[in-house]
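Each remark here refers to the structure printed beneath this line.
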């Protein structure tokens, strides 16, 4: 089994395949965890009251279990259940969709008044007319640590991981089944190819007409007020009716974690179009100013300047939902792509689903709503 791309999804796929006894060759142009694609930047939100659609919730339940298994087997903690506060227009997508997912699946989701919000997150404000919810089971994932742990477990179960190489294409292999994969200047035959190439997936899957859009996404870290550390406040996400997407952030991580000091801030909304192979422009002070102005009504205590910044990539579908399926013209090829900036939390279960498709041709996991159709 060849896995093309070893970020969040590919490292998980290689891990699941290797632990089921498959011979695995994982390929990545860089050595993960790295900042070239979509899996860098220290942290990602994880939540179950999924406003995007209730159909994601069973997959999230399985993802939580799989993350716990990874932690138990590797000894690396990757998931922190800090809880997350959501603030938004009661009729907006964030609040309405979170309530729908929680009601559909019986998830704990607390309605907060101003005193309740102040007790949970002393820095976060609820402007007049806005609603506030708290999901106690939500929190954050340490993304680079999670990728590294998945790759380490895959290698421990026999996976071969090669860096500095790229899968350039594929075709049917001669004889029954299988696929012939172009890796650099050579051709390699395999039982299956799993494409988890992130922002490089559009080139490998061009024949499917998926209209995947790659965009540049700036991330910032700013000084943290005292009392904004991990273990003292939850994560947060806010939605403004006049602005697209979500603004979100995390508690400041301890220095012992080895990352950037301060509070991470970001805007979950596709940014400007980007070529993943072109030099990437750095995040700017003007972009941070726009972000701080957007969150000022909710977090007036936050201010710049930036302590650090990064630029990652989104690869988005037209409707913002993932695509996980078998290639209709190449039975030996399966893929996961178009994670649209909200996929990392699912990596542990997406890897399982892709391993199912590669080994068995189907999956019992509820991924039908994410198929090509």
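The values are calculated or read from the model by the stated rules, or taken from the named source; none is laboratory data. Please read these numbers as outputs of a predicted model, since none were measured by experiment. With ideal geometry, Cβ positions are generated from the backbone for all residues, glycine too; neighbour counts draw on all protein chains shown.
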With the condition kept exactly as written, say whether any residue in segment 15-30 is within 18 Å of the chain's Cα centre (by Cα) and in a loop (DSSP other than H, G, I, E, B). no
Please verify whether residue 132 is free of Cβ contacts under 8 Å to residues at least 60 places away in the same chain, surrounded by 16 or more Cβ atoms within 10 Å (Cβ to Cβ) and under 20 Å from residue 235 (Cα atoms), treating the condition exactly as stated. yes
Just to check your reading of the model, which residue among 134, 123 is closer than 26 Å to residue 226 by Cα, at pLDDT 95 or above and assigned to a loop (DSSP other than H, G, I, E, B)? 123
Residues that are touching a helix residue (DSSP H, G or I) at 6+ places or on another chain (Cβ under 9 Å) and over 22 Å from residue 8 (Cα atoms), drawn from segment 263-298: none
When you scan segment 349-373, how many residues do you find that are surrounded by 24 or more Cβ atoms within 10 Å (Cβ to Cβ) and closer than 27 Å to residue 216 by Cβ? 3
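Quick one: which of 369, 346, 298 is in a helix (DSSP H, G or I) and closer than 18 Å to residue 268 by Cα? Before the answer, list the steps.
On the way: 369 fails: closer than 18 Å to residue 268 by Cα; 298 fails: in a helix (DSSP H, G or I).
Of the residues listed, the single one that is in a helix (DSSP H, G or I) and closer than 18 Å to residue 268 by Cα is 346.
Where in segment 173-217 are the strands (runs of 3 or more DSSP E), entirely inside, with at least 2 residues that are within 18 Å of residue 354 (Cα to Cα) and in contact with a helix residue (DSSP H, G or I) (Cβ under 8 Å, 6 or more places away or on another chain)? It would help to see each step written out before you state the result.
Values: elements: 179-183, 186-190, 193-195.
Ranges flagged: 193-195.
Of the residues that sit in segment 358-368 and are in contact (Cβ under 8 Å) with a residue 60 or more places away in the chain and closer than 18 Å to residue 2 by Cα, which one is nearest to the chain's Cα centre (by Cα)? Give the steps one after another, and end with the answer.
Initially, segment 358-368 is screened for residues in contact (Cβ under 8 Å) with a residue 60 or more places away in the chain, giving 358-359, 365-367.
Cutting the leftovers down to closer than 18 Å to residue 2 by Cα gives us 358-359.
Details: 358: 22, 359: 24 Å.
Checked segment 358-368; the qualifying residue nearest to the chain's Cα centre (by Cα) is 358.
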